[in-house]
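Novice: Got a structure for you, questions after.
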2 protein chains.
Amino acid sequence: MSKEVVKIGVLGCGTVGTQVVRLLGERGRDLAARAGAPLEIVGICVSNLQAERDEAVDRSLLTTDANSVIDEADLVIELIGGIEPPRTLVRRALSAGKTVVTGNKALLAAHGPELYELAAEKCANLYYEAAVAGAVPVVYGLRESLLGDRINKVTGIVNGTTNYMLEQMDTAGRSYDEALAKAQELGFAEADPTADVDGFDAAAKCAILASLAFHTRVSLQDVPATGIRSITEQDSADAAFFDEKIKLVAVAERVQTEDGEALSLGVYPAVVPQSSALANINGAFNAVVVEAEAAGTLMFTGQGAGGVQTASAVLSDVVAGASHIAHGGSAPRENSYANLPILPASEGCHRYRLRVNVPDELGTLAELAQIFADEGVSISAVHQSANEDKVSVVLSTHKVAQKAIAKIRERLEATGVHVASVLVLEA
Amino acid sequence: MSKEVVKIGVLGCGTVGTQVVRLLGERGRDLAARAGAPLEIVGICVSNLQAERDEAVDRSLLTTDANSVIDEADLVIELIGGIEPPRTLVRRALSAGKTVVTGNKALLAAHGPELYELAAEKCANLYYEAAVAGAVPVVYGLRESLLGDRINKVTGIVNGTTNYMLEQMDTAGRSYDEALAKAQELGFAEADPTADVDGFDAAAKCAILASLAFHTRVSLQDVPATGIRSITEQDSADAAFFDEKIKLVAVAERVQTEDGEALSLGVYPAVVPQSSALANINGAFNAVVVEAEAAGTLMFTGQGAGGVQTASAVLSDVVAGASHIAHGGSAPRENSYANLPILPASEGCHRYRLRVNVPDELGTLAELAQIFADEGVSISAVHQSANEDKVSVVLSTHKVAQKAIAKIRERLEATGVHVASVLVLEA
């Protein structure tokens, strides 16, 4: 089964691809010793042969013909991004029994189950550590290290762009627009920031993490996402007042329902205590907290983005894949045996923090409280403040279904009370 | 290659063993689905058949004959602890090509290389996630997730007992003896606390981590260990004064010497800034920080001890091992290709913090400073305080070899200056 050389095909040579090619060259001997066989790049597929490239990239390997690269390789690294052509190319490689390493979260969140199945059917290995939280080895953590445990909850800060922006709003007092402009200026946010600020990037990662943690097929559409566009300076000020921070979190949790166990999923801005571990994850850092029945609470932190950091995750997968090619064995298989039902967003239960602006009239608080009581929502804390002629009330609730909060919001607005903000309170 | 049932033999049924047996029973179906084959316990070897046991332990499986358990099993879980008989038993299992899962850090630190070699020779799989930092998946992290990267430094808080004691000294103002008594009362420290307080437990874990991170054979004797016995209330007070904490750290670092690269290893109490991630690892929690060239800084945290937490790590290894038995493939092989030389303790370079008590005489500080200058040690900060007739000077140095500090200490003591404490400053 032993191979003399493991032939590597690289699809895509952008920021991450360039770093991967560079490190494969610079560290070739080290990586070969660890894989147990020399690694040789046999082709690099790019869309533009003429583009300027880092000198680490051997131009004689460049081609625009992805299929020929796949056909010649034992191991294919897909770093093109997006759904197509990657889906077709990854399918081609897996169908031929080749090992695939990808960092493509969009592809996995949309078509993961189909690809996992194809890989299993063809006895091909599929690796994707780089698809979630960059260099933070949380895919390995869930796929292997916690395989003997029962996971109850996974909570992650998995989008560096929004984490940076929220930090700017929290600590530098910037508005949402200012924070976005700053992030764009530094290259942390793209010209069209939708995928980041609306939570879609985090939702894709949430789908991948939830699939692994709960042995259930979860795709992007299963993860309701609320981004950070609606976060105001008032929200930041509230958080500071209560010794809290606002973080965009991706959460996947095992919950008990009347019909048995289910999965509650979501991406949303949440209020966390300053003293919590997540509150202290700053800048472009990512963190994933895993709560498991036996292991207790584990946290993985590290840099969640960046070309060279992501390349580290890709290369670990390459070494693992190459070692299996050279000496036999296989990657852990995805497993959807648990197949938990997924709770509709409206049934998801959280603690909430609402800020409402009310006319300064006698009995207002009593009326407010009555509406919460009518809907069966119990209030854990109230803070009222008056500013000129405006009275603001900040209410924290006990755990309650999202639909109850939606109902309360509707009723409040109908009585002329303005609900300025609704955020989730994470413990 | 597929097997109908994976037969599991358990050696040792103490705190961890009992939890492993219980969870194998309670979660049998889940674990079988993940491993791809049912798992069946075929024997549990204990030293005392009559002892009271948790009802989860099927007494009909108990035996005192370890060899028969090994011979009947496909996968052997060794949880006896200590060097012998585990060494002989693990060798017997590996020699027969059986998979071994162990949480025995003492065995691996003393005889790891011999066992890794035997496993490779016999194509047997050896797993040991539980040997370092309990449920924190740092063995997987180093063995697999970072396989494509170049690790420069590993820093760990890997002993919960001393971490608890230092926290008691730091925050509750207890003396070393009081903290030890409290830890013993709570069952965190044993009647003979030597392995913990003298740093030997941490040194064993350091040897295992260093072997994995640097692809070099490191054993317990290679790791110079200084424990926490000498830490005084004055040290805790100094740390508080400078907004720092004292932590017992295990460090393995790649360093440049005149002759090329080498490994610097050690376990010692170090002073860390309050704001650092390590300073905030409290109680029985463990943390391992890995600095890698491409991935940057990663941190793994979680509960480092406890029966059920450690059982989680054991079971993950069991599922991985059983999956390989059922479907082929193998654990990652240990690799000592890099074979870096290990620096003698005296050559290890650190920043140091010294507290010296001096007679309150004119020119004392100048004399002190001259001794440092003579030895080529540059001082980064000085803080002098007088208390009644005693003058204390706290000096921080730039990075310097341990032997230079030893020389300075000798010269200071010779001039009648009492060196009350020498601690390492970790950045």
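The values are calculated or read from the model by the stated rules, or taken from the named source; none is laboratory data. Computed from a prediction, not measured in an experiment: that's the story for all the values here. With ideal geometry, Cβ positions are generated from the backbone for all residues, glycine too; neighbour counts draw on all protein chains shown.
Novice: If you scan region B:297-352, which residues turn out to be surrounded by fewer than 24 Cβ atoms within 10 Å (Cβ to Cβ), charged (D, E, K, R) and touching a strand residue (DSSP E or B) at 6+ places or on another chain (Cβ under 7 Å)?
Specialist: B:347, B:351 - these are the residues of region B:297-352 that are surrounded by fewer than 24 Cβ atoms within 10 Å (Cβ to Cβ), charged (D, E, K, R) and touching a strand residue (DSSP E or B) at 6+ places or on another chain (Cβ under 7 Å).
Okay, residues lined up against (1) surrounded by 18 or more Cβ atoms within 10 Å (Cβ to Cβ); (2) within 14 Å of chain A (Cβ to nearest Cβ); (3) out of contact with any Asp or Glu (no Cβ under 7 Å at 6 or more places or on another chain):
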{"residue": "B:60", "(1), (2), (3)": "no, no, yes"}
{"residue": "B:68", "(1), (2), (3)": "no, no, yes"}
{"residue": "B:89", "(1), (2), (3)": "yes, no, no"}
{"residue": "B:100", "(1), (2), (3)": "yes, no, no"}
{"residue": "B:114", "(1), (2), (3)": "no, no, yes"}
{"residue": "B:119", "(1), (2), (3)": "yes, yes, yes"}
{"residue": "B:133", "(1), (2), (3)": "yes, yes, yes"}
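Novice: When you check residue A:101 against the structure, is it within 12 Å of residue A:9 (Cβ to Cβ) and within 19 Å of the chain's Cα centre (by Cα), yes or no?
Specialist: yes
Novice: Has region A:120-128 got at least one residue that is hydrophobic (A, V, I, L, M, F, W, C) and under 26 Å from residue A:292 (Cβ atoms)?
Specialist: Yes; the residues of region A:120-128 include at least one that is hydrophobic (A, V, I, L, M, F, W, C) and under 26 Å from residue A:292 (Cβ atoms).
Novice: Could you please let me know if residue B:279 is in contact with a strand residue (DSSP E or B) (Cβ under 9 Å, 6 or more places away or on another chain) and free of Cβ contacts under 8 Å to residues at least 40 places away in the same chain?
Specialist: Against the criterion (in contact with a strand residue (DSSP E or B) (Cβ under 9 Å, 6 or more places away or on another chain) and free of Cβ contacts under 8 Å to residues at least 40 places away in the same chain), residue B:279 qualifies.
Each row is one residue, and each column tells you yes or no for (1) out of contact with any helix residue (DSSP H, G or I) (no Cβ under 9 Å at 6 or more places or on another chain); (2) in the same structural domain as residue B:244 (by the TED database); (3) closer than 26 Å to residue A:151 by Cβ.
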position: B:274; (1), (2), (3): no, yes, no
position: B:284; (1), (2), (3): no, yes, yes
position: B:288; (1), (2), (3): no, yes, yes
position: B:291; (1), (2), (3): yes, yes, no
position: B:310; (1), (2), (3): no, no, yes
position: B:319; (1), (2), (3): no, no, yes
position: B:334; (1), (2), (3): no, no, no
position: B:349; (1), (2), (3): no, no, no
position: B:352; (1), (2), (3): no, no, no
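Novice: Out of region B:135-152, which residues are outside any helix (DSSP H, G or I) and more than 7 Å from chain A (Cβ to nearest Cβ)?
Specialist: Within region B:135-152, B:151, B:152 meet the criteria.
Novice: Continuing with this model, one more query. Limited to region A:10-67, what total is found for residues that are among the basic types (Lys, Arg) and under 21 Å from residue A:320 (Cα atoms)?
Specialist: 4
Novice: Let me ask another. Go through region B:165-187 and report how many residues are surrounded by fewer than 16 Cβ atoms within 10 Å (Cβ to Cβ) and hydroxyl-bearing (Ser, Thr, Tyr).
Specialist: 2
Novice: Hand me the list of strands (runs of 3 or more DSSP E) wholly inside region B:1-90 holding 2 or more residues that are within 30 Å of the chain's Cα centre (by Cα) and under 23 Å from residue B:329 (Cβ atoms).
Specialist: Hits in region B:1-90: B:6-11, B:75-78.
Novice: Moving on to the next point. Can you tell me which residues in region A:313-327 are more than 8 Å from chain B (Cβ to nearest Cβ) and out of contact with any Leu (no Cβ under 9 Å at 6 or more places or on another chain)?
Specialist: Hit for region A:313-327 is A:326, nothing else.
Novice: Next question, about the same structure. Counting only residues that are under 19 Å from residue A:311 (Cβ atoms) and touching a residue at least 60 places away in the same chain (Cβ under 8 Å), which one in region A:28-53 is farthest from the other protein chains (Cβ to nearest Cβ)?
Specialist: A:39
Novice: Select from region A:91-134 the residues that are closer than 19 Å to residue A:322 by Cα and part of a loop (DSSP other than H, G, I, E, B) and list them in ascending order.
Specialist: A:96, A:97, A:98, A:103, A:122, A:123, A:124, A:125, A:128
Novice: Which residue pairs have Cβ atoms under 9 Å apart, sit 6 or more places apart or on different chains, and have a first residue in region B:333-348 that is free of Cβ contacts under 8 Å to residues at least 12 places away in the same chain and a second that is of a type outside the set (Val, Ile, Thr) and part of a loop (DSSP other than H, G, I, E, B)?
Specialist: Listed by first residue and then by second, the contacts come to B:344/B:224.
Novice: Where residues in region A:297-307 are at the interface with chain B (Cβ under 7 Å from one of its Cβ atoms) and in contact with a helix residue (DSSP H, G or I) (Cβ under 7 Å, 6 or more places away or on another chain), which of them is modelled with the lowest pLDDT?
Specialist: For region A:297-307, the residue satisfying everything is A:303.
Novice: Does region B:368-384 include one or more residues that are in contact with a Phe, Trp or Tyr (Cβ under 6 Å, 6 or more places away or on another chain) and more than 14 Å from chain A (Cβ to nearest Cβ)?
Specialist: Yes: one or more hits.
Novice: Still on this structure, please answer the following. Checking residue A:310 against (1) under 19 Å from the mean Cα position of the chain (by Cα); (2) within 7 Å of another protein chain (Cβ to nearest Cβ); (3) β-branched (Val, Ile, Thr): exactly one of these is not met. Which one?
Specialist: Exception for residue A:310: condition (2).
Novice: On to the next question. Spot the failing condition for residue B:330; the list is (1) facing chain A (nearest Cβ under 7 Å); (2) hydroxyl-bearing (Ser, Thr, Tyr); (3) assigned to a strand (DSSP E or B), and only one is missed.
Specialist: (3)
Novice: Collect the residues in region B:223-248 that are buried (at least 22 other Cβ atoms within 10 Å of the Cβ) and of a type in the set (Val, Ile, Thr), keeping them in residue-number order.
Specialist: Residues satisfying the conditions are B:223, B:228, B:231, B:246.
Novice: Does residue A:153 qualify as being among the charged types (D, E, K, R) and out of contact with any Asp or Glu (no Cβ under 8 Å at 6 or more places or on another chain)?
Specialist: Spelling it out, it is not the case that residue A:153 is among the charged types (D, E, K, R) and out of contact with any Asp or Glu (no Cβ under 8 Å at 6 or more places or on another chain).
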